[in-house]
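Structure, as structure tokens:
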Amino acid sequence: MAPLTYTKKSSAYISALTQAIDKKLQKALDSPTQRRDLLQDLFADIALEVDDRARDIIIGGEDASEVQIKVPLCFYDVLADHFASEPDERGKPILDFIVQLWSQPFASHIFALLFHKWLFEVQLDSSDLLLRYSSALVQGSTNVFWIDIQTNTIHFQSLFLYLLEDVALVPKKLKRIPLQAQRDLFLLLSRFIFLYNLDEKLESFFQNFPEFPNAFLLGGPADVFVIELTDQLQKLKVEPVLLHYLSHIKVLQGLELRMTTSTRLKTCLYSFTSPGGPMYPTRTVRHAAWDALDFLFPVGRYPRHVISLFFRLLYPWYWPSSCWNFVWSCIQPILYSITRLIFPSRELRGVHES
């Protein structure tokens, strides 16, 4: 999203927002027993989508409806632009409060949302301070992206887009943070790039990958990416999100991977094809995993299915559901054919042809 232009009215409104944030952070510092609740409330407030009234004030008139069509606008988007426009002045009081609250839950969340653009605009003389802020950005971003996974939303997509398109893919900007932070940022983006439907950026993403000290053992950018992705898949518990990842993972076809990385990916996908532990996948997830596994690794497809069937026979409590699903999958096309013969409507023919 391009930076917004502000009028006097919108500037006054945003200044009032920053004062409200300042007061809540001050209250959190003064009230140790209420810090968690206050910071959680503050995080929820800045993560909210801007309502119509506030949108008209911030953007104004016809421009407001245009921005609404392009992208949902959240308060953290507006405030991040505000703090980045004059990095040496506007956000300093709030940043000082956040630094004093580093150890508290939601402090890194708030820092990532409010200062992700500021960090790449400000000039910091202390390398230790820059590393500290960069680490907080990665940690806070990780936390908010997991909120999107747990709620099956893409509410924080604009933050991810900025970190990917305006930082990771722009070497000049990327080099403003320490090398260790660059590596951590790319590992973070690797874990969530499928969530935000940006797999078309993989080629340029790999080209900008920073060097890793253990690259001799891990392999190239594609290997590091797949290693992070497989670790992410094994942590996913929300079925729609897991299915989303499995549907996008087919873009990995054709990547040149080390044997160990390829085996790691194959093992990860195979773990989702069997009912029971350790993943306990649903039937829908098992079928999606089989589709991805057969697509990426067509060699050995039929032996895998035979071996899987053999192991299924070792769990008799799954036989009734397996038999029913098999019978139902056979009955469905028969019923459909009969229905077509009785009701040869254009709609049914169209559905069948598609």
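Bear in mind that the values in this text are calculations on the coordinates, not laboratory data. Keep in mind that what you see is a predicted model, and the values were worked out from it rather than measured. A quick note on method: Cβ atoms are made from the backbone with ideal geometry, for glycine too, and the neighbour counts reach across all protein chains shown.
Some notes on this structure:
- When the Cα convex hull of region 112-160 is projected onto planes of every orientation, the mean area is 3.3 nm².
- In sequence order, calculated HN-Hα J values of region 148-162 (Karplus, 6.51, -1.76, 1.60; Hz; x Gly/Pro): 4, 5, 5, 9, 6, 10, 10, 5, 9, 5, 5, 5, 5, 4, 5
- Packing order of peptides 74-80, 264-270, 18-24, 254-260, highest average first: 74-80, 264-270, 18-24, 254-260 (average count of other Cβ atoms within 10 Å over each peptide's residues).
- Listed by chain and number, the lysines whose alpha-carbon sits under 21 Å from that of LYS24, ignoring those within fewer than 8 places in the same chain, are LYS92.
- Calculated from backbone phi, Karplus (6.51, -1.76, 1.60) coupling profile of region 74-86 in Hz, x at Gly/Pro: 10, 4, 5, 4, 5, 5, 5, 5, 4, 6, 7, 5, 9
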